[in-house]
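I have placed the structure first, in the form of structure tokens, so that the comments after it can refer back to it.
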Amino acid sequence: MKVNEFARQLGIVSSKVRYYDRMGLIQGERQDNNYRNFTAQDALKIYHAQMLRSFDMSIQESLNAENEELEEIDRWVGTHELELEKQIHQQEIKLQRLKEMQEYFKMVTQYRNAFSLYYRDNSYNVWNFGASAKMTPALLEAIELLAENMPFSYVSIKIGIESLIQDRKPLDVCIGLGILERNKNKLGLDLPAEMTVLPGGETVQYMLEAADPFQLTRQDLLPLITECERRGKPIQEDIVGRIYISYMRAGRFVHGIGVSGVL
């Protein structure tokens, strides 16, 4: 039987048959007419390797499995089952995160240059860029961990209260990464105690766009300052928020920022 005919009967491409032949999984004998004599046993060996490959076993592992005891194959399957369950769990979290992001996008559009009441979850933040950003070995490890866990972590922004009081131009702005407590717990992340823990609660959130967040001024945040004072909750500490997404608007690349005052 020709290789092409054997492959067609198997339902796979001929290059795979040739590969398995080269690797010694099958031993099709060459006939006088230069055809290869592939057998039903060869077909079983290929199907066995293909089945294991379909569970993400490596090519070499699937070839080696021909000589493995059942217990050894079962151990591999059990280990892979645990890995796959972990991957599925992470994908479910990612799906929920994508849905959250779409809600954030609606919020950016709906409340641009306006206020919204917003319940903020507990969060963990570290700021690594900006004039007042201070890093330690532990915080550098935290940044690396959060960077590895995007999109569950997010871009965080902090505006120093002293620069706001003194009306510095520009304000003392730092950016970094943060993560909501619920996502931290879902992922089982162990974060250092040096990270800034921001307690959750009801907030009034102001949405704004900025081409350069490091050039923000008190005037840019005046609507939030005024609204918090009107509600009897003047801003007395660093303003912390999120850069939800960056995009083009009217031919200019801008960042959609949400900053909050605690109620």
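The values are calculated or read from the model by the stated rules, or taken from the named source; none is laboratory data. None of these values were measured; they are calculated from a predicted model. Please note: Cβ atoms are built from the backbone with ideal geometry, for glycine as well, and neighbour counts cover all protein chains shown. Only protein heavy atoms, including side chains, enter the accessible area calculation; ligands, DNA and RNA are left aside. Shrake-Rupley method; radii C 1.70, N 1.55, O 1.52, S 1.80 Å.
For the range 121-159, name all the residues that are charged (D, E, K, R) and either in contact (Cβ under 8 Å) with a residue 12 or more places away in the chain or under 18 Å from Asp238 (Cβ atoms) (or both). Across the range 121-159, the qualifying residues are Asp121, Lys134, Glu141, Lys158. The residues on offer are Gln110, Gln102, and the sole one that is open to solvent by 50 Å² or more (accessible area, probe 1.4 Å) and within 17 Å of Val259 (Cβ to Cβ) is Gln110. Out of Glu92, Glu29, Glu85, Glu100, one residue alone is modelled with pLDDT of 90 or more and out of contact with any Leu (no Cβ under 8 Å at 6 or more places or on another chain). It is Glu85.
Filtering the range 113-130 down to residues that are open to solvent by less than 40 Å² (accessible area, probe 1.4 Å) and within 17 Å of Tyr206 (Cα to Cα), which residue is modelled with the highest pLDDT? This residue is Asp121. Go through the residues of the range 2-19 one by one and say whether even a single one is at pLDDT 85 or above, among the hydroxyl-bearing types (Ser, Thr, Tyr) and open to solvent by less than 40 Å² (accessible area, probe 1.4 Å). Scanning the range 2-19 turns up at least one residue that is at pLDDT 85 or above, among the hydroxyl-bearing types (Ser, Thr, Tyr) and open to solvent by less than 40 Å² (accessible area, probe 1.4 Å). Among the residues making up the range 131-157, those that are open to solvent by less than 40 Å² (accessible area, probe 1.4 Å), out of contact with any helix residue (DSSP H, G or I) (no Cβ under 7 Å at 6 or more places or on another chain) and either part of a strand (DSSP E or B) or closer than 15 Å to Gly261 by Cα (or both) are Tyr154, Ser156.
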